[in-house]
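Have a look at the structure below before the remarks.
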Amino acid sequence: MKRSLFITVCLLAVFAAGRAQCPDFTDLTGPGVTCQYGDFYNPFMHTGVVGGRHTVITWQDTDPYTGNLLPLLPPGENAVVKLGNHFIGAEAEAITYQFTVDPDQSVLLVKFAVVLQDPGHALDDQPRFVMRLLDENGQQISGCAEYDVRASADIPGFHSLNDIRWRPWTDVGFDLSEYVGQQVRLQFVTYDCSWEGHYGYAYFTAHCIGPNLTGACDGNTITFTAPAGFESYEWANGDTTETSAYPLNNTTSVSCQITSAIGCVFTLNATLLSDSLPTEDATFYDTICEGDSYHDHLFDLPPQTVIGTQMVRNTFFNVADCAGSEVVYTLYLTVIQKYTDYYDFACQGDGYDRYGFEYTNLQPGSFTDTLILEGNTGCDSLYSILHLTVSTNAFQSIVIQGETSVCEYETVTYTVATSSVAPLQWNIPEGVSILSGGNASTVSLSFLENAANPAVITVSTDNGCQNNSAQITVWHYPQYHSFVRDTICADNTYNANGFLLSMQDSPGVHVFTNNYTTVHGCDSVEVLQLVVNNSPVFGVTASPTEICAGESTSVVATGDPNSSVPIPPTPHPIAPGDILCTDGTVVKPSMWPCGKTALGVVFYVDASWEHGWAVHLQEHGAGLAWGASANLSNTNYATPRTVLYDTNGYTNTVAMRSNSMDYIAGAVDFNNGWYIPAMGQLRTLFTEESVVNATLQLLGGTVLFPDVMYGTRLWSSSEKDGYFAWFMDSGGGIQNQHKNYLSSIFLSRMRVRSIRNF
């Protein structure tokens, strides 16, 4: 005997008029599709499809930059979009799809893969992929509706191949039922690195699918199936697979919570019914009060908490023979807000007349009052709840504490002493930079040379009833910095530019520093880079040496071609010795100070004169062992000659950190772009020691190789083998030492100095 059984599938949605077909996400010229391109800082600069940057792929192949491990087309797809490419140039690309959510296809399924080159830059400069889901007002739909990933070394779900980070095809689902009838926007953006030297791109496609669990009968059970390809499934009966079987003999509620690979969660529901069933589609409109449940028209809804009009769909299937016609019941249910909270403030002695509440002569304090309203709204009663804070009119004095005589470009902190908990508003004049704070009781400032003198700093507070303010008058005085290059011949004294130097008998490039303090207590520094040339040796010879009147002879001038040191060439736009600032710009030492903050000193620039390496202003510790007693799978360099070819300090540091963070790998600020230089990079740093040290002295940093007498040593990140690593001494010598076993004398001379790409 056959049993007739029906499935009711329910999904809640926001009601709005209109339906629209889900777009073809591989049609880049279709309606609602906008392709844009630009640079790292503005991917939306230009509109249009750019060949090679907005690409539709319809052939099966593999991505060569993932070691051919990533297929271009995921299973079940015959076309995808490739956004971006493997070319560099700080490029960025975007595609935005705008469409109206169809109630019959209110689940958005996105499939994507990402390929990013890891440059070792700071996080904000790395290649990047972003996926966003926005409402019609441009607001993010939910906390899970944005996926933003940078090319850092350790990203969940990613694979690594040399300097490539790539994520295989991943499914992400979004429940858009609350946006039925509304327009939404799905946006994809890819970025190269900001320094133009590394790339990032992505593959993707998307589909709109029905918000239903499908069912198939088999004897006395029915097997429900959720949409395929998600990270995890949790059924109400405890099953954790894509399908779940239920018996047919009772009325049963079925639900499945689905989680995507990036943590997005949504739930699909169904109900098994054995009662008599509707024969044709029907639509119902009804109203209930907040917190009420609903039981009518074959709908069985729990207490409702979402205010407004919602759409609920019941889809009935006759599955007795796993076939039959579909009947849909649609309910537009309006939920009236029952409790309305109002938050307001007033002042001592005031009257109050808002939101239906009336008071006179209010006294300081906080209280809550409730007003019951009656009306023909579908609710028996509505409640207005007022939360009122009454502030005192008592005047509260405030005082600014801090220095009234400061030096320009130094960090100065000012603090407000007050018992008030009211918000504070700082008024900072032009020419004074806010370094931190400013919205609380403390602010850190830097006075620039163009600020008014004196500069007046003001802070005010408002407790709701009484405004109050305080000010402090600050005089600021200059610091004097100079950077001079000059040349003399050996065996001469030098008396210029504020320096009185004894006889210079050592040819080469030398750095001298004068430190001063002005009458106002401002430290100043003068740095001289002096090129000392050998005194030229010239001679004159004649052949023959004796002649008669009217005859001629040959006179030749001779000299030592190696008797002078070349004068440093005119600096390039970026050159060793320049200052890398925290805002990413590079400035000349002669321009310092300039209102910026130094990050490091440039010691290498590539042929473009735009990219290179910078060394940290300070050492990161003395007496640290290299730390890894086994091979870290870095390339081994057996001889001093071969190790000079190693410039992969970033990759080496990644390997060191993966093994242990207790030694030198943990001493550098790796997360902000710093790493331990390889020996080839250390060698380059050593060759620029004089110009780098001149700038370090200017900035107040620690000079390179300061311990000449006892032999300072800088660890590299280059391995000799599984037990020995290379270092460089203060004379530029290349040596190796056991990674862990160091004598106390030797260990005390070891240093760590990080570098970074720029």
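Descriptive notes on the structure:
- Pairs linking a residue in region 636-648 that is part of a loop (DSSP other than H, G, I, E, B) to a residue that is of a type in the set (F, W, Y) and buried (at least 16 other Cβ atoms within 10 Å of the Cβ), with Cβ atoms under 6 Å and 6 or more positions apart or on different chains, are D646/Y637.
- Residue list for region 53-89, restricted to those being surrounded by fewer than 17 Cβ atoms within 10 Å (Cβ to Cβ), within 18 Å of F188 (Cβ to Cβ) and of a type in the set (V, I, T): V56
- Subset of region 152-186 that is among the small types (G, A, S) and within 21 Å of V80 (Cβ to Cβ) - its residue that is surrounded by the most Cβ atoms within 10 Å (Cβ to Cβ): G173
- D646 meets all of the listed conditions (1) farther than 24 Å from P576 by Cα; (2) modelled with pLDDT of 80 or more; (3) not hydrophobic (A, V, I, L, M, F, W, C) but one, namely (1).
- Residues located in region 237-266, provided they are hydroxyl-bearing (S, T, Y) and either at pLDDT below 70 or surrounded by fewer than 14 Cβ atoms within 10 Å (Cβ to Cβ) (or both): T240, T241, T251, T252, S253
- Counting residues in region 563-573 that are within 20 Å of L696 (Cα to Cα), modelled with pLDDT of 70 or more, part of a loop (DSSP other than H, G, I, E, B) and not assigned by TED's automatic domain parsing to the domain that holds P589 gives one or more.
- Counted residues, region 357-381 - those being modelled with pLDDT of 90 or more and on the phi > 0 side of the Ramachandran plot: 1
- Scanning region 131-159 for residues that are touching a residue at least 24 places away in the same chain (Cβ under 8 Å), of a type outside the set (A, V, I, L, M, F, W, C) and in a strand (DSSP E or B) turns up R132, Y147, R150, H159.
- When region 116-155 is filtered for residues that are of a type in the set (S, T, N, Q) and either closer than 18 Å to A261 by Cα or out of contact with any Pro (no Cβ under 9 Å at 6 or more places or on another chain) (or both), the ones remaining, listed by number, are N137, Q139, Q140, S142, S152.
- Evaluating T190 against the criteria (1) out of contact with any Cys (no Cβ under 9 Å at 6 or more places or on another chain); (2) surrounded by fewer than 20 Cβ atoms within 10 Å (Cβ to Cβ) leaves one unmet condition, (2).
- Selection within region 219-234 - within 22 Å of T170 (Cα to Cα) and either assigned by TED's automatic domain parsing to the domain that holds P156 or of a type outside the set (D, E, K, R) (or both): T225, A226, P227, A228, G229, F230, S232, Y233
- Test set (1) outside any loop (DSSP other than H, G, I, E, B); (2) modelled with pLDDT under 80; (3) out of contact with any helix residue (DSSP H, G or I) (no Cβ under 8 Å at 6 or more places or on another chain) - R657 fails condition number: (3)
- Scanning region 142-162 for residues being over 18 Å from R657 (Cβ atoms) and of a type in the set (G, A, S) gives a total of 4.
- Residue ranges of strands (runs of 3 or more DSSP E) in region 465-539 with at least 2 members among the small types (G, A, S) and not assigned by TED's automatic domain parsing to the domain that holds P364: 467-477
The values are calculated or read from the model by the stated rules, or taken from the named source; none is laboratory data. Keep in mind the model is a prediction, meaning the values are calculated, not measured. Counting neighbours? That spans all protein chains shown, and the Cβs are built from the backbone with ideal geometry, glycine included.
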